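Note sheet for the following structure.
The values are calculated or read from the model by the stated rules, or taken from the named source; none is laboratory data. What you see is a predicted model, and the numbers here were worked out from it, not measured in a lab. With ideal geometry, Cβ positions are generated from the backbone for all residues, glycine too; neighbour counts draw on all protein chains shown. Ligands, DNA and RNA are stripped out before the accessible areas are found, and what is left, the full protein with its side chains, is counted by its heavy atoms. Shrake-Rupley method; radii C 1.70, N 1.55, O 1.52, S 1.80 Å.
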Amino acid sequence: MSKTLSAIIAGGGLGGLATAAAMAQRGWDVTVYERQSALRASGSGIYIWENGLRVLEALGAYDDAVRGAFEGRAFEQRDKHGGVIDSAPVGAGKRLITVKRSQLLDALRDTALRAGVKVVTSSEVIGATPRGELRFANGDVARADLAVGVDGIWSRVREALGLETFHQQTAEGALRTVIERRPGDIPADDAGKYIENWNAERRLLITPINETQIYLALTCPERDRAARDTQIDKALWSDAFPRWAHLIERIGAEVSWGVYSIIQCSAWSAGRTAILGDAAHAQPPNLGQGGGMAMQNGLALACALDGIERAEAIPAALEAWEARERPLIDHCQKWSTLYGEVAFLPDEVRTSTIRAAMAHPWVIEQINRAAHHVPTGTGERARSVSLL
Ligand SMILES: Cc1cc2nc3c(=O)[nH]c(=O)nc-3n(C[C@H](O)[C@H](O)[C@H](O)COP(=O)(O)OP(=O)(O)OC[C@H]3O[C@@H](n4cnc5c(N)ncnc54)[C@H](O)[C@@H]3O)c2cc1C
C-alpha cells in the first residue's frame, strides 16, 4: 500500500476488535470508538467453534483467548427425565472451545493494541454517512477512508445508512451467569460434554468454561415472567431441573436477561461505510455462532480491502466482500433461527423431532456448515501475517 489508508470503527466488541486488528495488521491506520467507559464484556461464557478458532489463530489472538478454556467433545440434549434426546460428538478434527467472554474480548483487545489500533472509549456514535464518516453524541465528526459500524443489535450506523430490512426480537430469551465449578459437579460419565436440558418451554444449558467456572444459560419465553426474573427463582428452576439443583443453588446476584435479535439488511455497505457483526447479521444463539460470524466477517473485510491503494476503490471492494461472505452467514442465521423453533413444541414432539432431524446427515451438514467452513484469511498466508 503506497498511502496509509484509515479506518474508523464504531463498537469495541468481538466483531469490532477482530476487524480492527485484522485491518491494522494489513497496514491500515485504525481507530475504534466504544460507547462504554472501557472495553468490557459481560461475565458469561461463549462457544467458539472451529471457524472462530481459525480466525483467532490468523489474528494471533488464539493462545490468550483459549488459555485454560474447556474443550468439549460432545453436545448432548436431554429431556425432563434426564433421558438423552440426542448426543452429537464434535466432528473429528474440528474443535469447539468454551471460554469466559471477558477472556476472549481481552485477547482481541490486546491483539488490536499490539497491531497499533487506537481505542477511544466513552465515545457514543449516533450517526454515519456513506462518505466514511461517523457522528458522535458530543457533536464531533470523524472522517476516514473507511467507516465500519460494528455497534451491535441497535446499530446507529445501520440506522443512519437506512440498510435494515428486518429486525425481529424472539419470543425466547436467556438468563446468563457464571458459577463456581466444584469437584463432582458433573458426573464422570458426562465429562467433556455440554448438556442442554429441556422441560416444556424452559431449558438449562450447562457449559464448563475452565477448571473453576461453569456458564449457565437458563432459557424461557419472555412471557414466562416467573422464570425470567433476574432474581433467580431457584425453587422454580430446581423443580424443572432437579438433577442440576446443586448448580442452580449456586447462582449469585450477577445474572443478565435478554431476548435475541434476528437482523437482515438490504446491503452491508453504502459507499465507504460498512456494517458487520450483530449490526448487520444478528442471529439467535442456538448454533453458538453470532460471535464467530462477527469475527470471521471482520477478518474477511480486512482481506477484501488488502492491497487497495485508493479510497475510490473501497465501495466496489465492499460489494465483493458481501457477495463472497453473505451466503454462508445468511445460511447460519437461517439454521440458528430454525433450530430455535423446537423450543415451543410439546416435550414428546420436540424429542421425536430432534431425533428424526439429527439422524439425517443432510440436517447435520446444514447445522455444521458454518463451523466446518474455512474462513477467508485463515490459510497459511494469513497465519504468517499474524506472526509479523
Ligand atoms: C444468550 C446469548 C448467547 C450467545 N452465545 C454465543 C456463543 O456461544 N457463541 C457465539 O459465537 N456467539 C454467541 N452469541 C452471539 C454473540 O454474543 C454476538 O453475535 C456477538 O457479541 C456480536 O459481536 P458484535 O461485535 O457484532 O456486537 P457486540 O458484542 O454487541 O458489540 C458491540 C459493541 O459496540 C458498542 N456500541 C454499541 N452501540 C454503540 C454506539 N452507538 N457507539 C459506540 N459503541 C457502541 C457496545 O458497547 C459493544 O462494545 C450469543 C448471544 C446471546 C444473546
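Key figures
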item: Per residue solvent-accessible surface (Å²) - region 235-300, probe of 1.4 Å; result: 30
item: Orientation-averaged projected area, Cα convex hull of region 1-91 (nm²); result: 8.8
item: Reach of residue 3 by Cα under 18 Å, taken over aspartates and glutamates that are not fewer than 8 positions away in the same chain; result: 29, 145, 306, 309, 312
item: Cβ crowding within 10 Å averaged over residues, with 306-315, 170-179 ranked highest first; result: 170-179, 306-315
item: Portion, in percent, of the accessible area of the chain that falls on carbon or sulfur, probe 1.4 Å; result: 50
item: Equivalent ellipsoid semi-axes, the chain, via Cα gyration tensor eigenvalues times 5, rooted, Å; result: 36, 21, 20
item: Whole-Å distance, taken between Cα centres, linking region 298-364 and region 239-280; result: 16
item: Debye, to nearest 20: dipole size of region 282-367, +1 on Lys, Arg Cβ, -1 on Asp, Glu Cβ; result: 220
item: Mean-position separation - Cα centroids, region 103-171 and region 203-220, in angstrom; result: 30
item: Members of 94/193; 100/334; 234/334; 94/118; 80/100 lying beyond 23 Å, as alpha-carbon distances in this model show; result: 100/334; 234/334; 94/118; 80/100
item: Segments 58-70, 342-354 sorted - mean Cβ within 10 Å per residue, highest first; result: 58-70, 342-354
item: Simple spin-label estimate for residue 122 and residue 358 in nanometres, 7 Å along Cα-Cβ; result: 4.9
item: Kirkwood-Stokes translational diffusion coefficient of region 81-225, alpha-carbon pairs, 20 °C, 1.002 mPa s, µm²/s; result: 109
item: Mean accessible surface per residue for region 49-194, computed with a 1.4 Å probe while every protein chain stays in place, in Å²; result: 44
